[in-house]
Amino acid sequence: MGKRVLLIEDEPNIIQAIGFILSRDGWTVDTHADGKTALAEIARRGPDLVILDVMLPNRSGFDILQDLRADPATEALPVLMLTARGQKRDRELAERYGASRFMTKPFSNAEVLDSVRELAGS
Amino acid sequence: MIGFNVLVLVCLAYAALLFVVAFAAEKRAERGTVGWLRSPLIYTLSLSIYCTAWTFYGAVGYAVRSGLEFVTIYLGPTLVMVGWWWLVRKLVRIGRAQRITSIADLISSRYGKSTLLGVIVTLLAVIGTTPYIALQLQSVSLSFSVFSAEGGAMPDFEALDNTALVVAAGLALFTILFGTRSLDVNERHHGVVTAIALEAVVKLIALIAVGVFVVWGVAGGPAEMMAQIDASKIAEWQLDGGRWATLIFLSAAAFVCLPRMFHVMVVENADERHVAVASWAFPLYLFAMSLFVIPIAVIGLSVLPGENPDLYVLTVPLALDQDSLAMLSFLGGFSSATSMVIVAAIAVSTMVSNHIVMPIWLSARQGGASMSGDVREVVLLSRRISIGAVLALGYLYFRLSGGGAALAAIGLIAFAGVAQVLPALLGGLFWRGATRRGAAIGLTLGFAVWAYTMFLPSFGDSFVLSAAVLADGPWGIGWLRPHALFGIDGLDPVVHAVFWSMVINSSGFFLGSLFSFPAPLERLQGAQFVNIDDHVRNAPGWTHSPAEAEDLLIMAQRILGPAEAQAVFEAEARAQGKAGYLPNPSPDFVERLERQLAGSVGAATAQAMVAQITGGASVSVEDLLAVADETAQIMEYSSQLETQSQELSRTAAQLREANEKLTQLSIQKDAFLSQISHELRTPMTSIRAFSEILMAGPMSEADQTRFSTIIHDEAIRLTRLLDDLLDLSVLENGEVSLNWQDANLHSVLDRAVAATSSMDGERPLAIRRDARAEDVALVTDPDRLAQVFINLIANARKYCDAEAPELRIEVTSGEAGVTVDFVDNGAGIPKASQSMIFEKFARLTDQGRAGGAGLGLAICREIVAKLGGDIGYLPDQGGAAFRVTLPAAQAKAAE
């Protein structure tokens, strides 16, 4: 395996939780907490998959997603969106902007794991 | 020498000629070949009935007495025809469109078919015309007597009377024969008009012949004539400006308002283009009529000094033994008199019959009007009787007044009498605001003033007005003297009477119109009269259109109701041998229908309505009714719409307002729910994730402790969030109960500092205070105030990013209250965010460091506001700085 995931999330405890779950499954997990510099971080790390929170400091996850999809280098990069707001509108926006998958917090660990495996495998 | 018998024979022959001409013209018109009968020439000549015997004979007498003043009588009509011919054209157009039968009908029709106005104008016309007819009779009998005197026998008064009676009877016969041959809807009398046109030619030729005779036959040429005129006393006459202006005005007004003039000018008019020709041809005729007046007068004065100058036209040729010329002159005078009497009798009898006799007859038979009887016969009979009555009145007046000098002045008096119609006439033509009431007031006042200042005094001091009244006014009231109203003395009686009657008449008319409101029919008529030029270009002649019967049926249905109207029409159609509802509109049927309608809407209206349909008028009754209906409906409908639309726009505005509020609330609610959701789900996520990890299986002791701690911390965070939410909700809903008590600021701050320092795991924060300044007495809720302070100190502890975090608490107390500033030494809050830090969920830094839901400052703001104070951010203090302002203890205690 040895695939790499970039987790973009600002809540320390959630970073710890996801980091723990995925690394235990054999993933290499990098984390980033700021919205503004997230794109640069993705370009620098070149992950196989991105887990992207919607509510990030300084820049919204949706904006980052749009930029990813507009860039040919990252337009096919699997992106798993996370949101704590869970409203219908957010799901629609995520679909329109091209999220590979959308999950509402709180999630079950197994669900996250399955999604990540599936997205990275496809 | 011409004997009396010869004279009578000539007269009879002339009368027979008139009968033949009139009869031929009638026959020709009946065959439908009107041709020259409708030419502008005939129209112009018919207007010459303006020149009566009074002008034919009297102008010379007038010239002898007052020099050139007689010209005013010709100048007035000339001015009207030349300068105001469009007014005449407008009258003609209205007359055509409205099927006007007389000037009384015009006034009545204009002011909503008012019966009252019709009666007033008719009375005025009768009173003004009767003496005038008497004057004609007098002139004819006088001219007879001149010949009799020549024949040797002295004219006795009895013979004079008999002559007048015979003439009156003959005229009545002629007028009845040709004036009431048929009851035409268009009121045209081709026979009569042709006959008076012939008479116009006769009187013009006669006067010119006498003129030519005196200029070339007696004086010896124009140059000698001029010399004689210069030498005579007529040349010494002085012009009186006021009198001239008045007389010109009077004759102009009379030219339009005299019943007989109105009749030939408007009612008998066949084509409005004739007016354009008459506008120059008629003044020429008048010019020819007046050309030789002065020469005849001058020669008369030299040949027959001391004789009656009113008869010079006749007596001068006689005295110079020109018998045939005298005979021609006699015929000219006879023509002038008879044509005037005939037309005047027709005009006045039409008015009397239509406005007095018929309304009375119809109302008397109200119940049985539709049952039986022939209205046509009744109308004709009433016309004939009216003609007889008018001539009889004229004759009686002639008898009673004794044929004296009183008659000579009657011309101007009659002019002034009929001129009273002028304000109502002109106002009705040009001013839509003119009303029936105004017209009635003006006419009545003018009539009264005219009668008082001119008509009654003309009888001398023996009739109605006594000498005392004439000299000193009634009951000795000086300013009511008939010849010096309101104390204005020294005016010529004619000028005086015309001035006051017209001023009072016009003022009454104007004010009466201003202060009254026209009825719907009146407004409709007013609009049609005033705007007639927009509706009519050149009205077509009288034609039968195929749509007539249908129009009649539609109109009848509106008035009688569909069932009854259809029954009438069906019965008529069956009688004519036709199937269906539409019979031929034969005169009989139209007549019957009109009678039927009169039972419902009154005679005047019914007649006008039927005449408009059968007469091919440009505006149909249906249009009129439709306009009336529509106007009423539209007005009602539009006022309803207006009310509704006002209500609607009010409601719409309210709805918009409510909607805006709801939208705003909805946006706020969405944002709030979204925030709550986020704040609740974030700790839940950690709790769920780590619980599952813990459940999943074995791990190191250290990990187990770490994960449990996270779960514990997040659970506390959740609890705190819920506490804050509830607190804020209570505060916002105003359900909080404050525990007001005396407190000391210092002790409250002590509690707050102690509470924050006991918080777990916080970074060290140095707090600088000034105990003396803090010693301020307050009336407040100490617990709540401490909560605010705790929040502010905790924020500083959390967010101050200095190396060695430090918080200064500065207290200032003054008159207005106490301010407590919390200033730290950190980077402070960016300017852009300063305005929103007191809003709910306004959190500037990332989640981890904040550890709260972002409700703290929002709660602080609510609490301080409840305590009667204020909280704000102080910019540019070197770090984050908050100021809490509290009311002074006294102020609070005083509340």
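Taking only segment B:749-775 into account, find how many residues are at pLDDT 85 or above, buried (at least 20 other Cβ atoms within 10 Å of the Cβ) and either in a loop (DSSP other than H, G, I, E, B) or out of contact with any Asp or Glu (no Cβ under 9 Å at 6 or more places or on another chain) (or both). Final tally of qualifying residues: 2. Among the residues making up segment A:1-11, those that are touching a Ser or Thr at 6+ places or on another chain (Cβ under 6 Å) and away from every other protein chain (no Cβ under 12 Å) are A:4, A:7.
Here segment B:782-821 is the region considered, the condition is being in a loop (DSSP other than H, G, I, E, B) and buried (at least 20 other Cβ atoms within 10 Å of the Cβ), and the residue that is modelled with the highest pLDDT is B:805.
Hey, can you tell me all the residues within segment B:663-692 that are under 20 Å from residue B:720 (Cα atoms), polar (S, T, N, Q) and more than 8 Å from chain A (Cβ to nearest Cβ)? B:675 - this is the single residue of segment B:663-692 that is under 20 Å from residue B:720 (Cα atoms), polar (S, T, N, Q) and more than 8 Å from chain A (Cβ to nearest Cβ). On the basis of being touching a residue at least 40 places away in the same chain (Cβ under 8 Å), buried (at least 17 other Cβ atoms within 10 Å of the Cβ), within 13 Å of chain B (Cβ to nearest Cβ) and over 14 Å from the mean Cα position of the chain (by Cα), does residue A:14 make the cut? No; evaluated as a whole, the condition is false for this residue.
Of all the listed residues (B:110, B:99), the sole one being of a type in the set (D, E, K, R), at positive phi, at pLDDT below 80 and out of contact with any Asp or Glu (no Cβ under 7 Å at 6 or more places or on another chain) is B:99.
One line per residue, one yes/no per condition, for (1) among the aromatic types (Phe, Trp, Tyr); (2) crowded, with 24+ Cβ neighbours inside 10 Å:
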residue	(1), (2)
B:240	no, no
B:245	no, no
B:253	no, yes
B:273	no, no
B:279	no, no
B:282	yes, yes
B:297	no, yes
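Applying the condition of being touching a residue at least 12 places away in the same chain (Cβ under 8 Å) and of a type in the set (Ser, Thr, Tyr) to segment A:26-43 and asking which residue is farthest from the other protein chains (Cβ to nearest Cβ) yields A:28.
Taking each residue of segment B:245-266 that is within 19 Å of residue B:427 (Cα to Cα) and assigned by TED's automatic domain parsing to the domain that holds residue B:132 and looking for partners that are of a type in the set (Lys, Arg) and crowded, with 24+ Cβ neighbours inside 10 Å with beta-carbon atoms closer than 9 Å, six or more apart or interchain, yields B:266/B:96.
What about residue A:23, is it more than 14 Å from the chain's Cα centre (by Cα) and facing chain B (nearest Cβ under 9 Å)? So residue A:23 does not fit the description; no.
The set of residues in segment B:693-703 that are more than 10 Å from chain A (Cβ to nearest Cβ), under 17 Å from residue A:23 (Cα atoms) and in a helix (DSSP H, G or I) contains only B:694. Going through (1) modelled with pLDDT of 90 or more; (2) closer than 23 Å to residue B:689 by Cα one by one, residue A:13 falls short only on (1). Residue B:680 satisfies every condition listed in (1) in a helix (DSSP H, G or I); (2) loosely packed, with under 12 Cβ neighbours inside 10 Å except (2). Any chance you could count how many residues in segment B:546-570 are over 39 Å from the mean Cα position of the chain (by Cα), surrounded by 14 or more Cβ atoms within 10 Å (Cβ to Cβ) and either modelled with pLDDT under 70 or among the aliphatic types (A, V, I, L, M) (or both)? Within segment B:546-570, residues that are over 39 Å from the mean Cα position of the chain (by Cα), surrounded by 14 or more Cβ atoms within 10 Å (Cβ to Cβ) and either modelled with pLDDT under 70 or among the aliphatic types (A, V, I, L, M) (or both) number 0. All of (1) touching a residue at least 12 places away in the same chain (Cβ under 8 Å); (2) more than 14 Å from chain A (Cβ to nearest Cβ); (3) small (Gly, Ala, Ser) hold for residue B:645 with one exception: (1).
Reported count of residues in segment A:68-122, each being over 15 Å from the mean Cα position of the chain (by Cα), of a type outside the set (Gly, Ala, Ser) and either surrounded by fewer than 12 Cβ atoms within 10 Å (Cβ to Cβ) or more than 14 Å from chain B (Cβ to nearest Cβ) (or both), is 6.
Output yes when any residue across segment A:45-63 is among the aliphatic types (A, V, I, L, M), in contact (Cβ under 8 Å) with a residue 12 or more places away in the chain, away from chain B (no Cβ under 12 Å) and touching an Asp or Glu at 6+ places or on another chain (Cβ under 9 Å), and no when none is. Looking through segment A:45-63, at least one residue is among the aliphatic types (A, V, I, L, M), in contact (Cβ under 8 Å) with a residue 12 or more places away in the chain, away from chain B (no Cβ under 12 Å) and touching an Asp or Glu at 6+ places or on another chain (Cβ under 9 Å).
Restricting B:288, B:347, B:297 to residues that are in a helix (DSSP H, G or I) and modelled with pLDDT of 85 or more narrows the list to B:288.
The values are calculated or read from the model by the stated rules, or taken from the named source; none is laboratory data. Because the structure is a prediction, the values reported are computed rather than measured. All Cβ positions, glycine included, derive from the backbone under ideal geometry; neighbour counts span all protein chains shown.
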